[in-house]
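For reference, the structure discussed in these notes is given below.
The values are calculated or read from the model by the stated rules, or taken from the named source; none is laboratory data. These numbers were taken from a predicted model, which means no experiment stands behind them. Neighbour counts are summed over all protein chains in view; Cβ atoms, including those assigned to glycine, are modelled from backbone coordinates with ideal geometry. Note: areas computed on protein heavy atoms with side chains; ligands, DNA, RNA excluded. Shrake-Rupley method; radii C 1.70, N 1.55, O 1.52, S 1.80 Å.
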Amino acid sequence: MNQQASSASALPEEAAQYLTVNLGNEEYGVDILAVREIRGWTPVTRIPQAPDYVLGVLNLRGAIVPVLDLRLRFGLAREEYTATTVTVIVMVNGRQFGVVVDAVSDVVEVAPGDVRPVPDMGTTVDTEYLKGLTSVAERMVLLLDVDRLLQPQDAQMLEAALASTDVKAVA
Amino acid sequence: MSKVDLAQFHKAFYEESLDGLDAMEQALLALDEGAEDPELINVVFRAAHSIKGGAATFGFTDVAAFTHVAENLMDEVRSGRRPMAKAVVELLLRSGDTVRDMLSLSMTGQPAATAESQALLAELSAMVSGHAVAPVAVAKAAAPTEAIEGWDIAFRPFDYLLKSGNDPARMFRELEALGPLAVTCDASKLPALAEMDAESSYLGWTLRLDAGAKRAAVEGVFDWVDGDCDLTVTPRIAAPAPVAEVVAAAPAAAAPRAVRDPAANSESSSVRVGIEKIDTLINLVGELVITQSMLSQFNDGVDASQLEMLRHGLAQLGRHTRELQESVMSIRMLPISTVFNRFPRLVRDLAQKLDKKVVLDMRGETTELDKTVLEKIGDPLVHLVRNAIDHGLEMPDKRLAAGKGDTGTLRLEAFHRGGSIVVEVADNGAGLNRDAIVAKAIQRGIIATGEGMSDEAVADLIFEAGFSTAAATTDLSGRGVGMDVVRRNVMDLGGTVAIRSVQGSGTTFTITLPLTLAIIDGLTAAVGEEIYIVPLVSIIESVQVKPDTVRSVAGGGELFRFRDNWLPIVRLFDVFGCAGQRRAVDEGIVIVVEGEGTRIGLFVDELIGQQQAVVKSLEANYRRVTGISGATILADGSVALIADVTGLVRMQARRKAA
């Protein structure tokens with residue numbers, strides 16, 4: 001195992017590809033290996049007791065897939081959805097969910113050496129959801145840590161929900 | 001990577017071993033009842049043998065060591081050196097349980113040898129005569145190969161061996177070249193001369209090779225017949241050495257034999273399929289159903305000349321879709337025998353423990369049920385069976401005094417009725433004691449008086465939560481220990497439980513279950529701007545409520561009069577936080593539903609219709625949502641959520657308590 005790890009680090013790592021999406025004036029990168037498909041915005045079915053950024057669920061060829069609004073997730077104001085508004089379906093740890101963004105723009109290649117840590121620069125976005133930042137032809141791209149989008153507070157909420165369904169405690 | 005990663009086969013080994021253990025247990029139970037079928041003995045032997053081989057191959061040495069001794073014991077029985085006594089059956093049944101435990105420990109990466117298994121191993125070893133005892137005592141030390149004094153070889157060709165041109169005598173000569181050889185022939189399988197087929201082999205041999213030859217050399221002799229015989233090669237070791245090591249070296253000879261297991265053959269008509277694959281298939285078919293209903297909406301807007309063709313095509317599509325759906329659903333269906341099979345053992349052990357005489361009568365074992373339902377119905381059934389034997393059936397002397405035979409009967413039966421599966425657990429015991437139950441219920445404040453209550457209503461009382469935890473100590477027939485749990489489990493599956501009891505002659509529990517959980521019949525209802533589905537099984541009826549039958553209660557709750565009861569109104573609009581217009585109580589519909597024995601009224605804006613819903617999981621990609629049991633896809637492709645009636649009842653209870 002150790003041997004493998006060291007030999008892997010000796011090799012030059014391959015560049016990763018990112019799908020860049022727009023959110024206001026900022027550009028974000030989503031690891032392209034996580035992206036399943038890109039679809040136009042369609043209305044979703046609201047779910048009770050969901051956090052506000054979870055818009056609801058949609059039918060993705062028979063699977064029930066939650067959709068979250070990236071703006072709301074980052075605490076920004078919600079924008080009108082337009083013709084360019086898209087839902088990017090991603091798959092992380094075997095779970096699929098949709099991320100609503102203003103538009104998709106590009107696919108960029110990023111060498112591992114070009115990823116820099118995110119400075120705590122008081123951006124609109126909590127650095128918790130970012131893996132790093134990189135520059136692509138003068139543009140700054142913030143690399144999203146996709147698996148965290150549906151996580152932190154949700155885990156707590158889930159626990160709270162489970163605790164409250166325990167009728168025994170009440171009866 | 002030069003070594004093959006064996007871990008990928010672990011799951012298959014585990015499943016096969018569990019199947020083997022099941023087959024072994026069934027055979028042992030049959031033997032216990034006096035069946036003298038040598039094939040049953042062989043089944044037990046082969047199960048132990050293939051588990052041993054598999055365990056050794058995959059490095060579960062503790063399991064291999066244990067099963068090795070069990071196999072030796074069975075071998076003695078098989079070769080007629082030991083009668084199949086009750087004590088042997090008993091010990092082997094316990095061994096089977098232990099192996100099951102050891103396997104599950106091994107699969108989670110823990111050491112499988114526990115104090116318990118070691119104790120049982122000692123018992124087994126003590127029973128097995130001869131050389132096997134010594135090595136077992138020490139399980140861990142490394143095996144010094146030079147300590148091998150010689151080899152014990154058990155060799156029994158399958159009956160067709162001679163037809164492939166192999167000659168045991170020639171192989172024995174080869175063995176003799178390795179060292180001094182003693183050959184004992186086992187002619188016990190030899191049939192009468194008249195029935196003998198000259199081309200079949202009926203003999204088995206035990207060979208004793210007194211030379212420290214290499215294992216490869218010894219096994220090499222049998223290379224040509226590998227898979228065409230039962231072969232065990234056991235080294236005789238001077239100093240006590242680990243069986244574990246010894247067995248670990250044997251897999252080459254042992255593993256391929258699993259294929260010849262009759263249990264495996266009888267299952268060759270079925271295929272083990274990953275449930276994920278089936279789920280995908282079901283999804284696709286569900287999708288097809290939706291497409292079909294989508295297409296059917298085009299019925300009206302098409303050029304008249306094409307209309308007939310379109311209609312014809314649609315009808316065909318509809319029929320095919322339905323058939324496809326049915327056949328795909330059937331992949332999930334398994335015979336209920338997979339659940340029933342555990343009961344002979346359970347009944348036997350319980351009867352023995354309680355000194356009662358019980359005959360188990362199982363019927364309809366081939367009745368098929370959805371796998372998910374099967375998995376969840378096991379525990380409630382165990383509960384009912386245990387109760388029937390413990391409390392339902394009387395002691396033999398009491399039965400005789402009551403003019404019945406001293407042996408009680410427990411009937412376990414499954415059959416189809418309409419679109420449901422019915423499972424009955426019936427005993428011919430004392431029946432429920434009505435007076436005792438009524439007394440108990442009055443004491444616990446559940447009812448005021450038993451007068452005018454039907455027998456069914458009285459019997460129903462035992463389903464009340466906590467009803468008889470105390471009753472178990474009284475003279476009450478004791479039914480009801482955890483009966484509330486049984487009912488809750490069955491209701492979670494969308495089923496019902498009913499009791500029929502005749503004092504003095506027995507009690508019957510009737511469980512009615514839906515064929516599958518994957519499709520439900522539901523009522524679609526509009527709530528605000530949204531659509532929800534309420535499962536039909538939990539609906540009592542839908543009523544329009546007049547304002548003058550509604551009472552407000554302190555704390556904001558509303559009750560309405562339904563027949564002779566006041567039921568709480570649960571506004572789905574508020575519970576689910578819907579957008580739209582909140583309506584007055586007489587502008588909508590109240591759906592009276594029942595969950596966990598409690599009725600509430602769900603207030604919705606309007607009823608849209610009734611439809612079948614293919615149930616989809618919300619949790620697969622999202623998480624559990626209180627009050628929602630899942631989702632489904634409507635004809636227009638959009639998602640609708642399915643209300644979880646039990647969850648809503650609990651929410652209401654919580655609100656009341658708060």
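Report, in listed order, any pair from B:86/B:356; B:353/B:376; B:357/B:398 with a Cα-Cα distance greater than 20 Å.
Pairs exceeding 20 Å: B:353/B:376.
Provide a whole-number value for the mean count of partner chain Cβ atoms within 10 Å of the Cβ atoms in peptide B:629-641.
Per-residue shielding by partner chains comes out at 4.
What size of dipole, in debye to the nearest 20, comes out for the stretch B:1-84 about its Cα centre when the only charges are +1 on Lys and Arg C-beta atoms and -1 on Asp and Glu C-beta atoms?
460 debye
Assuming 0.36 nm per residue, please report the length gained on full extension of the stretch residue B:582 to residue B:612 beyond their Cα-Cα distance.
That works out to 8.0 nm of additional length.
Can you list the residues, at least 5 places off or on another chain, whose amide H is less than 5 Å from the amide H of residue B:608, using H built in the peptide plane?
B:524, B:525, B:526
May I ask you to order B:104-112, B:54-62 by the average number of other C-beta atoms within 10 Å around their residues, highest value first?
Highest to lowest by the protection proxy: B:54-62, B:104-112.
Per residue of the stretch B:581-597, in order, report the coupling 6.51 cos²θ - 1.76 cosθ + 1.60 (Karplus, θ = phi - 60°) as ³J(HN,Hα) in whole Hz, putting x for Gly and Pro.
Running phi through 6.51 cos²θ - 1.76 cosθ + 1.60 with θ = phi - 60° gives 9, 7, 9, 6, 5, 8, 8, x, 10, 9, 9, 7, 10, 10, x, 6, x Hz.
Just read off the accessible area of residue B:348 with the full protein assembly in place, 1.4 Å probe, to the nearest 10 Å².
My reading of the accessible area for residue B:348 is about 40 Å².
Please arrange B:383, B:68 by accessible surface area, largest first, computed with a 1.4 Å probe and ligands excluded.
Greatest to least solvent exposure: B:383, B:68.
Once Lys and Arg get +1 and Asp and Glu get -1 on their Cβ, which of B:490, B:461, B:383 lies farthest toward the positive end of the dipole of the stretch B:337-514?
B:383
So what are the ³J(HN,Hα) numbers for the stretch A:25-38, from phi and the Karplus equation (6.51, -1.76, 1.60; θ = phi - 60°), rounded to whole Hz, Gly and Pro as x?
Couplings: 8, 9, 10, 10, x, 10, 3, 5, 5, 8, 7, 9, 6, 10 Hz.
Using the per-residue mean of other Cβ atoms lying within 10 Å as a proxy for protection, in what order, highest first, do the peptides B:308-317, B:87-96, B:582-591 fall?
For the peptides B:308-317, B:87-96, B:582-591, the packing ranking is B:87-96, B:582-591, B:308-317.
Using θ = phi - 60° and the Karplus curve 6.51 cos²θ - 1.76 cosθ + 1.60, what whole-Hz ³J(HN,Hα) does each residue of the stretch B:556-568 get, with Gly and Pro shown as x?
x, x, 10, 10, 10, 7, 10, 6, 9, 10, 9, 10, x
Compute, for the stretch B:521-570, the length of the dipole vector about the Cα centre, with Cβ point charges of +1 (Lys, Arg) and -1 (Asp, Glu) only. Units Debye, rounded to 20.
Charge dipole of the stretch B:521-570: 260 debye, to the nearest 20.
Mind ordering B:36-46, B:543-553, B:399-409 by average Cβ neighbours within 10 Å, highest first?
Ranking, from highest mean packing down: B:36-46, B:399-409, B:543-553.
First measure r as the distance between the Cβ atoms of residue B:224 and residue B:8, then evaluate 1/(1 + (r/R0)^6) with R0 = 41 Å and state the FRET efficiency to the nearest 0.05.
That gives a FRET efficiency of 0.85.
For n ≥ 4 DSSP H runs only, could you compute -39500 (n - 2.57) per run for chain B, divide by its residues and tell me the 222 nm figure to the nearest 500?
So the calculated ellipticity at 222 nm is -12500 deg cm²/dmol.
Can you pull the mean other chain C-beta count within 10 Å for peptide A:46-52?
6
Which listed residue (B:169, B:200, B:148) has the Cα farthest towards the positive end of the charge dipole for the stretch B:146-238, taking +1 on Lys and Arg C-beta and -1 on Asp and Glu C-beta about the Cα centre?
B:148
Work out, step by step, the length gained on full extension between residue B:552 and residue B:307: first 0.36 nm times the residue separation, then minus their alpha carbon distance; give nm to one decimal.
Net length gain for the segment: 82.6 nm.
Identify, among B:419, B:53, B:625, the residue whose Cα sits farthest towards the positive end of the charge dipole of chain B, taking +1 on the Cβ of Lys and Arg and -1 on the Cβ of Asp and Glu, with the dipole about the Cα centre.
Going by the charge dipole, the pick is B:625.
Give the long-range amide H neighbours of residue A:106: residues separated by 5 or more places, or on another chain, with amide H under 5 Å away, using H modelled in the peptide plane at 1.01 Å from N.
A:20
Starting from the amide H of residue B:409, placed 1.01 Å from N in the peptide plane, find each other amide H under 5 Å away whose residue is 5 or more places distant or on another chain.
Distant-sequence amide H within range of residue B:409: B:359, B:428.
Hey, got the average number of other protein chain Cβ atoms within 10 angstrom for residues in B:642-655?
Going residue by residue through B:642-655 and averaging, the value is 2.
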